[in-house]
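Undergrad: Structure provided below as structure tokens; questions to follow.
The values are calculated or read from the model by the stated rules, or taken from the named source; none is laboratory data. Just so we're clear, the structure is a prediction, and the values are computed from it rather than from any experiment. Don't worry about glycine lacking a Cβ; one is built from the backbone with ideal geometry, like all the others, and counts go over all protein chains shown. Just so you know, the surface numbers come from the protein's heavy atoms only, side chains and all, with ligands and any DNA or RNA stripped out. Shrake-Rupley method; radii C 1.70, N 1.55, O 1.52, S 1.80 Å.
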Amino acid sequence: MNYQDLVTQITQWDHDYYVLDQPTVADAEYDLAFRTLLDLEAEHPELITPESPSQRVGAKAIDDYVKIEHRVKMLSLANAFSLDETYAFFEKAAKDLTLSADSLKIYSEPKLDGLAISLHYDHGLLSYAATRGDGLVGEDVTHTIKTIKSVPLKLATVHPPETLEVRGEVFMPKQAFEKLNQQALQNNTKLFVNPRNAAAGTVRQMNPKIAAERDLQFIPYGLGETLGAPAFTQHSEILAFLHSLGFRKNPHCYAFLGSYEAFVSNYELMEQTRALLPMQIDGIVYKVDDLAQQSSLGFIARSPKWAVARKFPAENSVTELLSVDFQVGRTGVLTPVARLAPVFVGGVTVSNATLHNMDEIERLGLQIGDMIEIQRAGDVIPKVVQVVEHGAHRTPIVVPEHCPACNALVKQTEGQAAFRCTADLSCGAQGAERIRHYASRKFMNIANLGTKLIELLYSTGRLKTIADIYSLSLEDISGLEGQGEKSAENVLASITASKHTKLGTFLGALGIHEVGEEGAKSIAQYFKTLDAIMAASLEDLMQVPDIGPVMAKNVVEFFQNAENKAIIAAILAAGVTWPAIADQAIDSLPLAGQTWVLTGTLQQLTRSEAKALLESLGAKVAGSVSKKTSVVVAGVKAGSKLATAQELGIKVMDEAEFLAEFVSAPG
Ligand code: IVH
């Protein structure tokens, strides 16, 4: 087969599969043809055409977004939240046209829940793709859009219009979304909240290779700028034309005359169809089909007067609250979870709902046995909206006194709604989550120890705390589901490789409540060694930039816990290390290595000026006096710190001495 025939053949197969959903070739044959194409192109690069299937992922990663102006503004749609609102919209349109509503031809399309994209075809070839942006200016996303197999690189016609701007929705089918989140779970990366976010995140990827691995689809719903396109009279003709050019069709589109009854039955039909569709839809778009009528109706503000989006409501149901369980999260916070009598809502059967915290339970006035209204919007976990009826034998919801997982005492965090288990690294429920956090990419980055494996090892009791990671053996892993000898070796290798880390990373990996990546880095940078951090007092910690009293308290408490200390000791003994944090510039400064303490009231300088001055000379300024203190500067009314310094025989300076030594006299 020659090069052009090969391109045509593969394009046809792609079209059959990705546009018509009708595969016409065996995988092996397809792969062989694709391989042949790539070989030919490698040998004869001069043959490569822009529409070659090989060009979909060919683009380089971008390092910035280029702005693209929409020559025809990209509009949005007005929303209608009820049938009456929908019908009123078209009654108004009919009135403007001096017609009756039931003589208007309406075209209904599923409202695809993704993001609007504009595709520009120049003489039939895809030249660029852009996001909607603010409707006037969008961003160039050609590199990721090209990877979508249902976007033709070349229009399927011998006489393409000179310019054709195709507008439509890019979305992620439900199945692809599930798959993506499964992978995220396995790789310990962030989950996407819903298919729309996943689609938007994928389109905005800098690297087209990542986009290519995710199964996005494109379905057109209209045209933008055109030159030399056929003269259409109906919107539905445009959609048929686009399908003939190689685009997918929106499933379940209907044409009907706009009577109230017709809107009712269309809505009922779509409500039932919704759950069966392979993609998420968030409503129905109703459009006046006649293009002459459309243009005489025109626009208001940002939306046309000839189309409206009838949004599906968030779905609510009433059921009984059977019980409330408390789940222990990674940081030990107990979250109440409502166990419900199973109820069908939003196309699925639901038996759990989130309750957030005890304040929420109080606000709702909720007790076990009550009939409650729950709401499910999109794909999110249902939430409890209100109590509908008190149960006949209702019982109050109480926070357990002991952690349901490890039996340690439960305490309420001061000034917060949250209740927490007082054990940290040793609490079982926190364990798997803590281990996942510890091993995640952001922290210890143990690449081959993913969520699934952690859970398996955890449930077999082989991994109880983060320290156990370092005593895992080949046999512990290789027998488990999905693990062979080779992959077990990879797990061990990635554990070994992860042992060289950084102090800030390690500190963040410990998952101290409220201490995130940045906070951990600041603490590490300030104290430089783990010993210093573990010995730091509340006051010392409060000296660290951006560390407030809550974080400081959590750090102190964490390192006071003997079990935490034992686990850390075991990790260090297993060989986890980091390079010393030495600051070259600071090392050569006059006060390098010294720790100074300021106490009492200074007259000439503010406390922070004095601190900045000392730090600029290389000293560390601490909040409390210890044997390690080099000098104490005592201002007026210096109290216990001065006394401690004298007791320990530490050098003390008053403000005058301090100024004389470090600040040059004026004049
Ligand atoms: S027509 C001028 N049809 O919904 C009207 N939009 O809320 C242009 N959408 O920005 C839009 N499915 O991203 C149209 N079948 C459909 C649609 C659809 C999804 C999106 C589109 C638009 C948004 C407005």
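Undergrad: Can you tell me which residue in segment 113-137 is farthest from the ligand (Cβ to nearest atom), limited to those that are open to solvent by less than 10 Å² (accessible area, probe 1.4 Å) and either touching a Gly at 6+ places or on another chain (Cβ under 6 Å) or not in a loop (DSSP other than H, G, I, E, B) (or both)?
TA: 121
Undergrad: Then there's this: So which residues in segment 417-430 are outside any loop (DSSP other than H, G, I, E, B) and open to solvent by 10 Å² or more (accessible area, probe 1.4 Å), if there are any at all?
TA: 419, 420, 428, 429
Undergrad: Only one of these conditions is not met by residue 86: (1) touching a Phe, Trp or Tyr at 6+ places or on another chain (Cβ under 8 Å); (2) farther than 30 Å from residue 270 by Cα; (3) of a type in the set (S, T, N, Q). Which number is it?
TA: Single failed check for residue 86: (2).
Undergrad: Please state which of the following conditions residue 337 fails to meet, knowing it meets all the rest: (1) modelled with pLDDT of 90 or more; (2) open to solvent by 20 Å² or more (accessible area, probe 1.4 Å).
TA: (2)
Undergrad: If you don't mind, there's one more thing I want to ask. What residue, among those in segment 496-518 that are within 26 Å of the chain's Cα centre (by Cα) and outside any loop (DSSP other than H, G, I, E, B), is surrounded by the fewest Cβ atoms within 10 Å (Cβ to Cβ)?
TA: So the residue we want is 518.
Undergrad: Follow-up. Any idea which of (1) in contact with a Leu (Cβ under 7 Å, 6 or more places away or on another chain); (2) modelled with pLDDT under 95 is the one residue 60 doesn't satisfy?
TA: Residue 60 satisfies all of (1) in contact with a Leu (Cβ under 7 Å, 6 or more places away or on another chain); (2) modelled with pLDDT under 95 except (1).
Undergrad: Could you go through segment 29-39 and let me know if any residue there is polar (S, T, N, Q), closer than 19 Å to residue 152 by Cα and out of contact with any strand residue (DSSP E or B) (no Cβ under 8 Å at 6 or more places or on another chain).
TA: no
Undergrad: Against the conditions (1) open to solvent by less than 50 Å² (accessible area, probe 1.4 Å); (2) more than 13 Å from the ligand (Cβ to nearest atom); (3) in a loop (DSSP other than H, G, I, E, B); (4) not small (Gly, Ala, Ser), where does residue 86 fall short? Just the number, please.
TA: Condition not satisfied by residue 86: (3).
Undergrad: Turning to a different aspect of this structure: Out of (1) open to solvent by less than 10 Å² (accessible area, probe 1.4 Å); (2) within 16 Å of the ligand (Cβ to nearest atom); (3) touching a helix residue (DSSP H, G or I) at 6+ places or on another chain (Cβ under 6 Å), the odd one out for residue 107 is which?
TA: (1)
Undergrad: Failed condition for residue 140, given (1) of a type in the set (Asp, Glu); (2) within 16 Å of the ligand (Cβ to nearest atom); (3) open to solvent by 20 Å² or more (accessible area, probe 1.4 Å), with all others met?
TA: Every condition holds for residue 140 apart from (2).
Undergrad: Can you find even one residue in segment 213-225 that is open to solvent by 20 Å² or more (accessible area, probe 1.4 Å) and farther than 29 Å from residue 122 by Cα?
TA: No, segment 213-225 has no match at all.
Undergrad: Residues that are more than 15 Å from the ligand (Cβ to nearest atom) and modelled with pLDDT of 90 or more: list the strands (runs of 3 or more DSSP E) wholly contained in segment 266-331 that include at least 2 such residues.
TA: The strands (runs of 3 or more DSSP E) meeting that bar are 315-328.
Undergrad: Of the conditions (1) within 16 Å of the ligand (Cβ to nearest atom); (2) surrounded by fewer than 16 Cβ atoms within 10 Å (Cβ to Cβ); (3) not in a helix (DSSP H, G or I), residue 98 fails just one. Which one is it?
TA: Unmet condition: (1).
Undergrad: Please find, among 246, 224, the residue that is on the phi > 0 side of the Ramachandran plot and not hydrophobic (A, V, I, L, M, F, W, C).
TA: 246 is the lone residue from the list that is on the phi > 0 side of the Ramachandran plot and not hydrophobic (A, V, I, L, M, F, W, C).
Undergrad: Are there any pairs with C-beta distances below 7 angstrom linking a residue in segment 290-316 that is polar (S, T, N, Q) and open to solvent by 70 Å² or more (accessible area, probe 1.4 Å) to a residue that is part of a loop (DSSP other than H, G, I, E, B) and away from the ligand (no atom under 12 Å from the Cβ), with the two at least 6 apart or on different chains, and if so which?
TA: 296/97
Undergrad: Here is a further query. In the set 398, 387, 410, which member is in contact with a Pro (Cβ under 8 Å, 6 or more places away or on another chain), over 30 Å from residue 113 (Cα atoms) and outside any helix (DSSP H, G or I)?
TA: After applying the criteria, what remains is 410.
Undergrad: Looking only at segment 624-657, count how many residues are out of contact with any Leu (no Cβ under 8 Å at 6 or more places or on another chain) and touching a residue at least 40 places away in the same chain (Cβ under 8 Å).
TA: 5
Undergrad: Against the definition (of a type in the set (D, E, K, R), away from the ligand (no atom under 14 Å from the Cβ) and not in a loop (DSSP other than H, G, I, E, B)), how does residue 60 come out, yes or no?
TA: no
Undergrad: Of all residues in segment 380-423, count the ones that are farther than 30 Å from residue 192 by Cβ, in contact with a helix residue (DSSP H, G or I) (Cβ under 8 Å, 6 or more places away or on another chain) and either at pLDDT 85 or above or of a type outside the set (A, V, I, L, M) (or both).
TA: Qualifying residue count for the region: 5.
Undergrad: Next up: Consider segment 526-546. How many of its residues are open to solvent by less than 40 Å² (accessible area, probe 1.4 Å) and touching a Gly at 6+ places or on another chain (Cβ under 6 Å)?
TA: 1
Undergrad: Could you check segment 595-609 and list, in sequence order, the residues that are within 23 Å of residue 643 (Cβ to Cβ) and within 43 Å of the chain's Cα centre (by Cα)?
TA: 595, 607
Undergrad: Could you check segment 36-79 and list, in sequence order, the residues that are open to solvent by 70 Å² or more (accessible area, probe 1.4 Å) and among the acidic types (Asp, Glu)?
TA: Selection gives 39, 43, 46, 63, 64, 69.
Undergrad: Something else now. Just to be sure I understand, how many residues within segment 343-356 are at pLDDT 85 or above and open to solvent by 20 Å² or more (accessible area, probe 1.4 Å)?
TA: Step one: list which residues in segment 343-356 are at pLDDT 85 or above, which gives 351-353, 355.
Next, from what is left, pick out any that are open to solvent by 20 Å² or more (accessible area, probe 1.4 Å): 351-352.
The total comes to 2.
Undergrad: Residues being under 21 Å from residue 214 (Cβ atoms), open to solvent by 30 Å² or more (accessible area, probe 1.4 Å) and of a type in the set (Asp, Glu): count how many of those fall in segment 143-185.
TA: 1
Undergrad: Condition first: surrounded by 15 or more Cβ atoms within 10 Å (Cβ to Cβ) and touching a strand residue (DSSP E or B) at 6+ places or on another chain (Cβ under 7 Å). Can you find one or more residues in segment 431-439 that meet it?
TA: Filtering segment 431-439 for residues surrounded by 15 or more Cβ atoms within 10 Å (Cβ to Cβ) gives 431-439.
With the extra rule that they be touching a strand residue (DSSP E or B) at 6+ places or on another chain (Cβ under 7 Å), the set shrinks to none.
Taking every residue of segment 431-439 in turn, none turns out to be surrounded by 15 or more Cβ atoms within 10 Å (Cβ to Cβ) and touching a strand residue (DSSP E or B) at 6+ places or on another chain (Cβ under 7 Å).
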